[in-house]
Amino acid sequence: MKDTVFTDPLSGGRPFTFDEKVAEVFPDMARRSIPGYELIINAIGRMAARHARDNSVIYDLGCSLGEASLAVRRAMPADRKVRLVAVDSSEAMIRRCSVIFSSYNSPVPAEAVLGDITRFRTPDASVVILNFVLQFIPREERDQILNRIWQDLLPGGILLISEKLKDPDPDAEALLTEEYFDFKRSNGYSELEISRKRTALEDVLLPDSWQELEARLHGAGFTRVQRWFQMYDFCSVMALKD
């Protein structure tokens, strides 16, 4: 279904939430709003399949409709003995995610769980996914989440994280923002929709800089942090636990 959430005159006057309206159009919203979204999703599936270990768990934290989880299930070798747990705090997202999981035939068992990822533990994890999630978490709680993930990851485990960043140079940030808005215009969003969504996200999506994100990951214990994709202010990273 096409994303028309921000054609509603009231939409820009309230903070952005992952409610039923957003859940209904989320696939279209993500593809038209996140540069390289399908590339990122498919790559997450392949990387998870490469790093997953038998008798371990793959966690998709802040899973939305579970598109990254589905990519993992598609890419996972049939003989790999893993299970997948997808977690989100939005009831609307988890409801739909559960239906999607149940309709997709895969040897990888998967469950969709309603939960708060700021408190959720990830025992026996060989892979953890945070796909455009940390940016919506209060800054003071981000380090705690990453610390817990590192503690729960098995040796050799991997965190796959994507984030919208900000550039500490105001001029560079302004240039990247305008390029990004051109990307959205090219995908059919109107000036009004772009403006309303920007207002709605103003105090909800609070991006780190690359330097801040890298420092958080190193501070949590990840010694190998590799940025493997970036377009405009959007990047994807692999962080490995030795």
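Every read-out reported here was derived from the displayed coordinates using simple, explicitly stated rules and does not represent laboratory data. Keep in mind it's a predicted model, so treat the numbers as computed, not measured. Cβ sites come from the backbone with ideal geometry, for glycine too, and all protein chains shown count toward neighbours.
Stretched out straight at 0.36 nm per residue, the stretch from ASN105 to GLU91 would grow longer than its current Cα-Cα span by 2.7 nm. Computed with the Debye formula from one identical point scatterer per Cα of region 1-105, without solvent, the log10 of I(q)/I(0) at q = 0.11, 0.17 Å⁻¹ comes to -0.39, -0.83.
Relative to the first principal axis of the alpha-carbon coordinates of the chain, what is the inclination of helix 139-152, with its axis defined by its Cα atoms, in degrees from 0 to 90 and to the nearest 10? Around 20 degrees separate the two axes.
Sorted ascending by nearby beta carbons within 10 Å, beginning with the fewest, VAL72, VAL85, VAL22 become VAL22, VAL85, VAL72.
Only one residue of GLY36, PRO109, THR4 has its Cα farthest out toward the positive end of the dipole of the chain, where Lys and Arg carry +1 and Asp and Glu -1 on Cβ, and that residue is PRO109. Estimated from helical segments only, the mean residue ellipticity of the chain at 222 nm is -13500 deg cm²/dmol, where each DSSP H run of four or more residues counts as -39500 (n - 2.57). FRET efficiency for the pair LYS81 and GLU202, taken as 1/(1 + (r/R0)^6) with r the Cβ-Cβ distance and R0 = 45 Å, rounds to 0.50. Counting other Cβ atoms within 10 Å as a rough exposure proxy, the listed residues MET1, MET93 run MET1, MET93 from fewest neighbours to most.
Between ARG14 and GLU173, the contour length at 0.36 nm per residue exceeds the Cα-Cα span by 54.8 nm.
Checked against a 32 Å cut-off, the cross-linked pairs LYS81/LYS166; LYS164/LYS241; LYS197/LYS241; LYS81/LYS184; LYS21/LYS81; LYS21/LYS164 give Cα-Cα distances beyond that limit for LYS81/LYS166; LYS197/LYS241; LYS81/LYS184; LYS21/LYS81. Listed from fewest to most Cβ neighbours within 10 Å, the set VAL225, VAL113 follows the order VAL113, VAL225.
Summarised in one figure, the compactness ratio Rg/Rh of the chain, Cα atoms and Kirkwood Rh, is 0.95. Length available on full extension from SER195 to ASP242: 0.36 nm per residue minus the Cα-Cα distance, which gives 12.6 nm.
Only Cα pairs under 8 Å and 6+ residues apart enter the sum, and on that basis the relative contact order of the chain stands at 22 percent. Summarising the strand pairing of the chain, around 40 percent of its internal DSSP beta bridges are antiparallel. Applying a DSSP loop filter and a limit of 15 other Cβ atoms within 10 Å to the chymotrypsin sites (Phe, Trp or Tyr not before Pro) in region 93-158 leaves TYR104. For region 99-209, the normalised intensity computed at q = 0.14, 0.15, 0.16 Å⁻¹ comes to -0.82, -0.90, -0.97 (log10 of I(q)/I(0), Debye sum over alpha carbons, equal scatterers, no solvent). Angle of helix 91-102 to the longest C-alpha principal axis of the chain, folded into 0 to 90 degrees and rounded to 10: 50°.
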